[in-house]
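Colleague: Encoded as structure tokens, here's the structure I'll be asking about.
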Amino acid sequence: MNINWYPGHMKKTRESIAKNLSLVDIVYELIDARIPISSRNPVIDDILGNKPRVIIMNKSDLASEEGNRIWENFFQKKNLNAVCIDALTGKGIDRLVSITKALYAEKKEKFEKRGIINRPIRIMILGIPNVGKSTLINTLARKKSAKTGDKPGITKSNQWIKTKFNLDLLDTPGILWPKFEDKKVGLHLAFTGAIKDEILDIETLALKLVETLVKNFPNLLNSRYNIDIENKSPLEIMEEIGKKRGALIKGGEIDYTKTSSIILDEFRKGIIGRITLEYPEE
């Protein structure tokens with residue numbers, strides 16, 4: 001699959017980030033805990049420079065507990081603030097707020113010496129599409145302030161949101177980089193739904209996912225679908241799943257599109273199991 005997705009609004013987002021960086025005290029960089037390498041945009045590092053930052057590993061409930069621990073330790077060893085959260089349920093939010101206030105403490109003291117009391121901490125939220133920025137904002141604001149959706153690219157422009165934690169959040173549209181140098185990066189982004197399914201061949205994508213699961217998580221695959229995967233090709237396993245789920249067309253043939261949607265949906269929702277696809281040694 002050739003994935004080369006860089007719409008015009010992505011370019012505008014990059015320019016907007018650079019322009020608005022001076023307006024904020026701290027940056028929240030959201031990444032997907034299942035794919036911490038692929039979901040970290042290297043362009044953001046160049047733009048942010050030394051701006052205080054918290055790396056937020058969202059969807060940590062979908063990643064393995066071991067994977068979450070390994071990645072938190074990895075970032076901490078590099079002197080980067082990192083925290084695992086589940087923006088949907090609010091798990092980890094208290095720790096995130098605590099880290100944020102600690103980062104802001106020195107600046108807060110300077111403001112108070114000038115007589116500025118209780119100034120909100122201004123935060124920019126960055127991340128690739130569909131990583132959960134809007135969900136995090138709504139959780140922090142404790143109301144529906146930002147649009148959310150299953151499809152990436154929901155947020156189209158910058159917006160400020162006030163929260164009950166005395167944080168003022170600047171939301172930005174999701175940003176991707178111009179091209180994917182590594183084919184695996186493109187696949188992992190597609191597996192997790194960061195790239196719109198409409199621009200991909202989902203049957204090929206699902207087959208690649210089955211191939212990955214057979215290689216790295218055979219027990220989870222076998223447990224979820226109750227099939228014997230030994231000595232079977234990814235295509236044969238996919239066909240078995242289709243039969244088990246009744247994804248058939250006239251004549252008893254496999255409905256590959258429906259089967260693909262089932263596999264991708266159950267992976268993305270964590271129904272197959274908690275899976276971390278990438279580790280620091282990679």
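Colleague: Of 193, 79, 21, whose Cα points farthest to the positive end of the dipole of the chain (charges on the beta-carbon: +1 Lys, Arg; -1 Asp, Glu; origin at the Cα centre)?
Modeller: 21
Colleague: Length gain on complete extension for the stretch residue 20 to residue 282, per 0.36 nm per residue less the alpha carbon to alpha carbon distance? Display every interim value, and only then the final one.
Modeller: Working: separation 262, 0.36 × 262 = 94.32 nm, distance 3.31 nm.
Length gained, residue 20 through residue 282: 91.0 nm.
Colleague: May I ask you to evaluate 6.51 cos²θ - 1.76 cosθ + 1.60, the Karplus curve with θ = phi - 60°, for each residue of segment 32-37 and list the ³J(HN,Hα) values in order in whole Hz, giving x for glycine and proline?
Modeller: 8, 4, 6, 9, x, 7
Colleague: Pop a pseudo-label 7 angstrom from the Cα along the beta-carbon direction at both residue 215 and residue 91 and give the gap in nm to one decimal.
Modeller: The two pseudo-label positions are separated by 2.9 nm.
Colleague: Continuing with this model, one more query. Under 8 Å for C-alpha pairs, at least 6 residues apart: give me the relative contact order for the chain, rounded to a whole percent.
Modeller: 22 percent
Colleague: Within 10 Å of each candidate Cβ there may be at most 16 other Cβ atoms; applying that plus a DSSP loop requirement, which trypsin sites (Lys or Arg not before Pro) in segment 179-282 survive? If you can, show how the numbers build up before the last one.
Modeller: Values: sites: 179, 183, 184, 196, 208, 215, 224, 232, 243, 244, 245, 250, 258, 268, 269, 274; in loops: 179, 196, 232, 245, 269, 274.
Sites meeting the loop and neighbour criteria: 179, 196, 232, 245, 269.
Colleague: What is the sum of charges around residue 271, taking Lys and Arg as +1, Asp and Glu as -1, for the other residues whose C-beta is under 9 Å from the C-beta of residue 271? Write down the numbers at each step before the final one.
Modeller: Working: positive: 224, 268, 269; negative: 265, 266.
Once all neighbours under 9 Å are counted, the net charge is +1.
Colleague: Now, a different point. In whole Hz, with x marking every Gly and Pro, tabulate ³J(HN,Hα) for segment 92-101 from phi via Karplus 6.51 cos²θ - 1.76 cosθ + 1.60, θ = phi - 60°.
Modeller: After applying 6.51 cos²θ - 1.76 cosθ + 1.60, I find x, 5, 4, 5, 4, 5, 5, 4, 4, 5 Hz.
Colleague: How high is the FRET efficiency from residue 12 to residue 200, r the C-beta distance, R0 25 Å, rounded to 0.05? Don't skip to the answer; put the middle values down first.
Modeller: Numbers: r = 24 Å, r/R0 = 0.96.
Between residue 12 and residue 200 the formula returns 0.55.
Colleague: Under 5 Å between amide H atoms, partner at least 5 residues away or on a different chain: which partners does residue 168 have, H built in plane at 1.01 Å?
Modeller: 121, 122, 123
Colleague: Using R₀ = 25 Å, calculate the FRET efficiency as 1/(1 + (r/R₀)^6) where r is the Cβ-Cβ separation of residue 77 and residue 160; round to 0.05. Display every interim value, and only then the final one.
Modeller: On the way: r = 34 Å, r/R0 = 1.36.
Efficiency for this residue pair is about 0.15.
Colleague: Sticking with this one: Springs between alpha-carbon pairs under 10 angstrom, Gaussian network model over the chain: which of 73, 219, 50 fluctuates most?
Modeller: 50
Colleague: Please label the shape of segment 8-171 as rounded, prolate or oblate, based on the square roots a ≥ b ≥ c of the eigenvalues of the alpha-carbon gyration tensor (a/c under 1.5 means rounded; beyond that, a/b larger than b/c means prolate, else oblate). Before the final figure, lay out each step's value.
Modeller: Details: a/c = 1.38, a/b = 1.20, b/c = 1.15.
Since a/c stays below 1.5, the shape of segment 8-171 is classed as rounded.
Colleague: Can I ask one more? Apply the Karplus curve 6.51 cos²θ - 1.76 cosθ + 1.60, θ = phi - 60°, to the phi angles in segment 238-252 and return the couplings in whole Hz, x for Gly and Pro.
Modeller: 4, 5, 4, 4, x, 5, 4, 8, x, 7, 10, 10, 4, x, x
Colleague: Going by amide H atoms built from the backbone, whose H comes under 5 Å of the H on residue 248, apart from near neighbours?
Modeller: Counting only residues 5 or more places away or on other chains, the set is 255.
Colleague: Then there is this: Quote the relative contact order of segment 8-171 in percent (integer), defining contacts as alpha-carbon pairs under 8 Å separated by 6+ residues.
Modeller: Working: 247 pairs, mean separation 39.1, N = 164.
Here the relative contact order equals 24 percent.
No value in this document is a laboratory result; all are computed from the given coordinates. These numbers come from a predicted model, not from an experiment. We place every Cβ from the backbone using ideal geometry, glycine too, and count neighbours over all the protein chains shown.
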